[in-house]
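The values are calculated or read from the model by the stated rules, or taken from the named source; none is laboratory data. As the structure is a prediction and not an experimental result, all values here were calculated from the model. Here the Cβ positions follow ideal geometry from the backbone for every residue, glycine too, while neighbour counts run over all protein chains shown. Only protein heavy atoms, including side chains, enter the accessible area calculation; ligands, DNA and RNA are left aside. Shrake-Rupley method; radii C 1.70, N 1.55, O 1.52, S 1.80 Å.
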Amino acid sequence: MPPLFRTLSRRDAILILIGAFSMHFFTSLAPLTSHSIVISTGFHQVSDEAVVEHPPKNDQELGGLLGHDTLKESYDFPMDSLKLDPHKHEGLEQKTTVIGSADLSRVAVLSETTIVEHVPGWTLFRDIYMANGTLLILSSSPSSFPDIRLMTSTGLAAENTPENIALREPTAWNMDFVTPEEAMQRWGNRPESRRIWSVGGNTLLFNDPPQFLAHYYHFCAELLLGAWSFWTGAAHPEPPPPVHRAIFPHSPSAGWRDGPGFNSYFLRAAFPSLTVEVEDDWNDRITATSAIIDSGVHRAWHFPYLLLADRSAAFRGELCGTKNQRTASESVDGLIARSKLDHKGLWWKSIRTAVWRFAGVAEQNELNDKAVTPPEFEETEKIVITYISRQSVRRHLIPEDHERLVNDLEALVRRKNAEIKSTTTTSGSGAKEWELNVVQAENMTKDDQVRLVARTTILLGVHGNGLSHLILMPQTKVSAVIEMFYPGGFAHDYEWTTRALGMKHFAIWNHTYFTGGNTPSVSYPNGFQGETIPVYGPNVASIIEKRVAGEL
């Protein structure tokens, strides 16, 4: 029997060396996708164009690195401040097949950390490491990175006190830098003895406390919406790659789930293959990398691509911190300013459609899906008004005002349908039929709620969690959200989100309304959370009629 192993010839050794070099070279070019499929290298170029490779030279360039201009109220990003390695784009015209996982035991030199995209509170890293709970940026030039406080925090629950604000400032335990030399000393200087394990795929790390996770609006309409906008913008102009993992390091298993159960419903519908890790899983990773083996070499985890979202860091940005208090605005408005997202919210359609489909909703217009270029606006069969009533829960209308509002809406729908019937009789063609739904969401199944809002043209309700469903509305020419406040009160939650998705928002104070650029200042007066919120029904009915007619 011939031997199982034969002596390597000089030719064999050369071929092995060439193969190993090729694997390392192509692995270094791997884009944001699975390492076991054929990928388009068109995305590498986008990623490399956003790599921060040198320290800022002045305040204006520093503003670019941080996602906004520090000298003026602008969100323009000075792309000329980002110097590129001219050799990184060679040979990127063809598709590359990357085989296997990122096995760092076969790599002679560890990849240094780079930033694909960054705005305050949202940072997409390439090749970042974690040991003992600390995110480690491997770099020869730490000064080329944004301020750590604009990327992360301690992840503590937020309180509006000086003491708590100080406690949420990040320390070296949360994020730190490590030089290539220190990395070799810490994790092994030879590939065969290196103690680093890659966590394959693309990871979302949500560094937020359960305080804001266990809420439908903050989880779906703020955190997930912000994450998907950032993920999509970072991939521009290529389609966003798959997301494989979501990590909630400060949340137990129940901590990211809301009471009604919409968070898990939405997440599983939009990302059916997503793996979720929570606080216990993160602690497992911490424990595994806090021990020292007999040789004295520490362990570490390596994340090829990791999107770090941090609420406290977003509030340190100009948009969220001083203008609208929406963490997602740093991502959405920041990347719109860089021409990486469309300003009409079309980037959200794939997520919304996935949730529709999960609930059994067919596309509103199947022809739209077959078009090469999707239409700017969608069409629906009817003008559907959905009033989400809060009369059985905290924060609701004066009962008499609620009844009159319903009567005024019913009268409006009857009159419009009568006008349509008359027009159809005389001309043979007519406008769309009108429909009114007055619902209490807590009495409906999740599927029924999604199916209703997927048909809704005008969504109406008192400021509250039910208006979060606006993220599932079709984007027609006249789509709008009408939000009723206690007079003198206002919050940007649903106002900003409505505009971010290309729809119109109206804030109602009894007899008056605000929209567009004349929204009032944020305020929570006595009565904001109460049960005596007034509203003048004819005012609301008039807004709806004028909006549908294109007059507002």
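Just a few scattered comments:
- Scan of the range 520-529 for residues that are within 32 Å of the chain's Cα centre (by Cα) and either part of a loop (DSSP other than H, G, I, E, B) or surrounded by 13 or more Cβ atoms within 10 Å (Cβ to Cβ) (or both), ordered by number: PRO520, SER521, VAL522, TYR524, PRO525, PHE528, GLN529
- For the range 222-235, the criterion of being open to solvent by less than 20 Å² (accessible area, probe 1.4 Å), at pLDDT 95 or above and acidic (Asp, Glu) is met by at least one residue.
- Test: residue in the range 539-546 that is surrounded by fewer than 22 Cβ atoms within 10 Å (Cβ to Cβ), of a type in the set (Val, Ile, Thr) and without any contact (Cβ under 8 Å) to a residue 60 or more places away in the chain: no
- Picking from residues in the range 176-207 that are part of a loop (DSSP other than H, G, I, E, B) and in contact with a helix residue (DSSP H, G or I) (Cβ under 7 Å, 6 or more places away or on another chain), the one that is most open to solvent (accessible area, probe 1.4 Å) is ARG195.
- THR386 meets each of the listed conditions (1) of a type in the set (Ser, Thr, Tyr); (2) surrounded by 13 or more Cβ atoms within 10 Å (Cβ to Cβ); (3) over 25 Å from SER468 (Cα atoms) apart from (3).
- All of (1) assigned to a helix (DSSP H, G or I); (2) under 28 Å from LYS432 (Cα atoms); (3) open to solvent by 40 Å² or more (accessible area, probe 1.4 Å) hold for HIS402 with one exception: (3).
- Taking the criterion of being in a strand (DSSP E or B) and open to solvent by 20 Å² or more (accessible area, probe 1.4 Å), the residues of the range 295-331 that qualify are HIS298, TRP301.
- Applying the condition of being at pLDDT 95 or above and not in a strand (DSSP E or B) to the range 503-519 and asking which residue is farthest from THR456 (Cα to Cα) yields HIS511.
- Considering only residues in the range 476-489 that are among the hydrophobic types (A, V, I, L, M, F, W, C) and surrounded by 22 or more Cβ atoms within 10 Å (Cβ to Cβ), the one that is nearest to SER523 (Cα to Cα) turns out to be PHE485.
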